[in-house]
Amino acid sequence: MQSVNQYFLNIYIAIKSVLIGMSITFRHLFTKSVTVQYPRERLPIPGTSRNLLLNKIEDCIGCDQCVRVCPVNCITMDTIKVFPEDDLGLASDGSKKRLWLPRFDIDMAKCCYCGLCTYPCPTECLIMTDEYEYATYERNDLVFKFTDLDPIQIAELKEKDHIRSMEKEKKKLETAKQAAAKPGKNGGKSGEGT
Amino acid sequence: MIQAEYYNIFVKIIDQLAVLDFLPPVWKFILASVIAALVFFHVIAIFALVAIWVERKVAGHIQDRLGPMETGWHGVLQTLADAIKLLIKEDIIAGGIDRRLFVLAPVIVFMTALAVFVVFPVGENFIVSDLNIGILYIVAISTLVVPGIIMAGWSSNNKWSLFGAMRSAAQIVSYEVPVGLAIVCAVMAAGSLSMQTIVESQAGGFWNWFIFSKFPFGFIAFFIYFVASLAEINRTPFDLPEAESEIVAGYMTEYSGMRWSFFFLAEYGNMLAVGAIATTLFLGGWQTPISLLSFIPGPVWFTAKTMFLVFVHIWLRWTLPRLRVDQLMYMCWKVLTPFAFVSIFGIGLWMTF
Ligand code: SF4
Ligand code: SF4
């Protein structure tokens, strides 16, 4: 008898729960949907979100801190020391810019968005923007180049830098030669050392 | 060879066209059949176009989403875009499959879905062929889908396909029983197997529909038919044969492009078909619910009732989770079948006294 009751009870519960479920779904049919029609509507993103990096290159003093802190080495920077005749001016926080930056590349394909590079920046020129739509067809297009020098300038600077280093080298050689021309001093030193 | 003993609207129209008088009657009959087949193919295709969109919209809104929104006004053209995509897709036939059966299977499945449309009494004068064994014809034809599905599953040479086909065959064959018994209830109440006669015997207001007039037996029979027919056309919550989370897509796993879309069309055709059968047997077919509304033509009522049932299909699909195989069989043999017998018995007594 009990199992017969159970049988009818089961049927009753099954039908009842289906009806309850259907009333719930019917109510949801007319509630406002939560969809955001993305490309046309967007949710505001929080101010602390970490997205595309931006380097305001005119403020960058080339201090190399961001490059060293990046855990995945996605920032590549080349620097050339200023020549005596150059004046690069001041960064916005007042520190003097002593380096040309022919290259400041951030490979966003490698970036893990940890944001560590933005903290040490002394002039606060490396920041996270709220831009998050930069998918590309080529992986190389994800390397963002921030230098404000054009290729000709870069070539000239490199040439100049090369000449400067050659001259330095020459000077070194000359001083070395002069040093070698005084054998007494040098030989005596080495003799003392051993 | 061709007798006019059953009413065929297409043959009648062709007969009346004087231009075609030079044709021998056999050719006229063939022409009428081809036209009827084309008409119902397009009915299914257009219904599927609309129903898929409606289903996706309803699914979306039930889940508090929007559903398709981009193609056309609120995504109305979405299914059309999908259909075009399917048409231009590569027709992949994997290696190691039984090519002939593989190609034939969707044709058989779709054919059975199409063939049942012949006997639907859409309106008072609108029925392709008022067979005197109409409902028996439907039961007979719709079981032909089982060989089609088994062919699809077997020829695909794929485990998922075979599992899906086995499940589907088991499910359809067992649910034939409650479906058949529920149909018998309506047939007993009407005293005829002809679809048109069944509809006519429910004339005169909605309280004469079998769902209400033989309360509660008619209602139980309707309920059993509705649930069992859901299982027979593999709709959720009985969609074990194509359960995505278990067996990929069941017997359709290896199909792509147009062949796959024929299965899909057949699924929606079947939805329309079981909706139409339930309407005919229990909801008074093209009869108006109250005589006040009799200015609205019969086909409109028939379509409206069928569409309502299709909507309930969709609604149920997005409400209920999938059943387990043992639950499925429990429900068929231990719940629906006994209750169908009870309602047959009840209607039998009712008709006797
Ligand atoms: S966010 Fe992190 S990973 Fe990305 S560049 Fe900065 S330090 Fe490197
Ligand atoms: S830490 Fe800031 S200032 Fe220093 S190199 Fe990086 S971006 Fe430039």
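Would the stretch A:94-110 turn up any residue that is over 23 Å from A:Glu58 (Cα atoms) and of a type outside the set (Gly, Ala, Ser)? Yes, that holds for at least one residue. Tell me, please, whether a residue that is surrounded by fewer than 21 Cβ atoms within 10 Å (Cβ to Cβ), closer than 23 Å to B:Ile108 by Cβ and touching a residue at least 40 places away in the same chain (Cβ under 8 Å) can be found in the stretch B:232-242. Yes: the stretch B:232-242 contains one or more residues that are surrounded by fewer than 21 Cβ atoms within 10 Å (Cβ to Cβ), closer than 23 Å to B:Ile108 by Cβ and touching a residue at least 40 places away in the same chain (Cβ under 8 Å). From the list B:His61, B:His42, exactly one residue is closer than 30 Å to A:Phe26 by Cα, without any contact (Cβ under 8 Å) to a residue 12 or more places away in the chain and in a helix (DSSP H, G or I). Which is it? Exactly one residue qualifies, and that residue is B:His61. Here is the figure for the stretch B:128-138: residues that are buried (at least 17 other Cβ atoms within 10 Å of the Cβ) and part of a helix (DSSP H, G or I) total 4. Checked against (1) outside any loop (DSSP other than H, G, I, E, B); (2) more than 8 Å from chain B (Cβ to nearest Cβ); (3) more than 28 Å from the chain's Cα centre (by Cα), A:Leu54 meets all criteria but (3). Does the stretch A:20-51 hold any residues that are more than 10 Å from chain B (Cβ to nearest Cβ) and among the hydrophobic types (A, V, I, L, M, F, W, C), and which are they? Answer for the stretch A:20-51, where residues must be more than 10 Å from chain B (Cβ to nearest Cβ) and among the hydrophobic types (A, V, I, L, M, F, W, C): A:Leu43, A:Ile45.
Rundown of residues vs (1) among the aliphatic types (A, V, I, L, M); (2) free of Cβ contacts under 8 Å to residues at least 40 places away in the same chain; (3) more than 20 Å from B:Gly134 (Cβ to Cβ), yes/no style:
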{"position": "B:Met151", "(1), (2), (3)": "yes, no, yes"}
{"position": "B:Asn157", "(1), (2), (3)": "no, no, yes"}
{"position": "B:Ser161", "(1), (2), (3)": "no, no, yes"}
{"position": "B:Arg167", "(1), (2), (3)": "no, no, yes"}
{"position": "B:Val173", "(1), (2), (3)": "yes, yes, yes"}
{"position": "B:Leu181", "(1), (2), (3)": "yes, no, no"}
{"position": "B:Ala186", "(1), (2), (3)": "yes, no, no"}
{"position": "B:Leu193", "(1), (2), (3)": "yes, no, no"}
{"position": "B:Thr197", "(1), (2), (3)": "no, yes, no"}
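Could you go through the stretch B:53-64 and let me know if any residue there is within 14 Å of chain A (Cβ to nearest Cβ) and exposed (fewer than 15 other Cβ atoms within 10 Å of the Cβ). Yes, the stretch B:53-64 contains a residue that is within 14 Å of chain A (Cβ to nearest Cβ) and exposed (fewer than 15 other Cβ atoms within 10 Å of the Cβ). Tallying residues that are modelled with pLDDT of 80 or more, over 21 Å from A:Thr48 (Cα atoms) and within 21 Å of the chain's Cα centre (by Cα) within the stretch A:81-106 yields 8. Note on the stretch A:2-14: residues that are of a type in the set (Val, Ile, Thr) and within 9 Å of chain B (Cβ to nearest Cβ) total 1.
In summary, no strands (runs of 3 or more DSSP E) completely within the stretch A:94-145 bear 3 or more residues that are within 11 Å of ligand 1 (Cβ to nearest atom) and within 14 Å of chain B (Cβ to nearest Cβ). Selection of the stretch B:59-82 for residues being in contact with a Leu (Cβ under 7 Å, 6 or more places away or on another chain) and modelled with pLDDT of 85 or more yields B:Gly60, B:His61, B:Ile62, B:Leu80. Could we say that B:Met258 is in a helix (DSSP H, G or I), away from chain A (no Cβ under 14 Å) and surrounded by fewer than 20 Cβ atoms within 10 Å (Cβ to Cβ) here? Answer is yes for this residue. One residue stands out among those in the stretch B:307-327 that are more than 13 Å from chain A (Cβ to nearest Cβ) and crowded, with 19+ Cβ neighbours inside 10 Å: the one that is nearest to B:Glu242 (Cα to Cα), which is B:Val310.
The values are calculated or read from the model by the stated rules, or taken from the named source; none is laboratory data. None of the values given here were measured: they were computed from a predicted structure. When we count neighbours, we look across all protein chains shown, and the Cβ atoms used for this are built from the backbone with ideal geometry, even at glycine.
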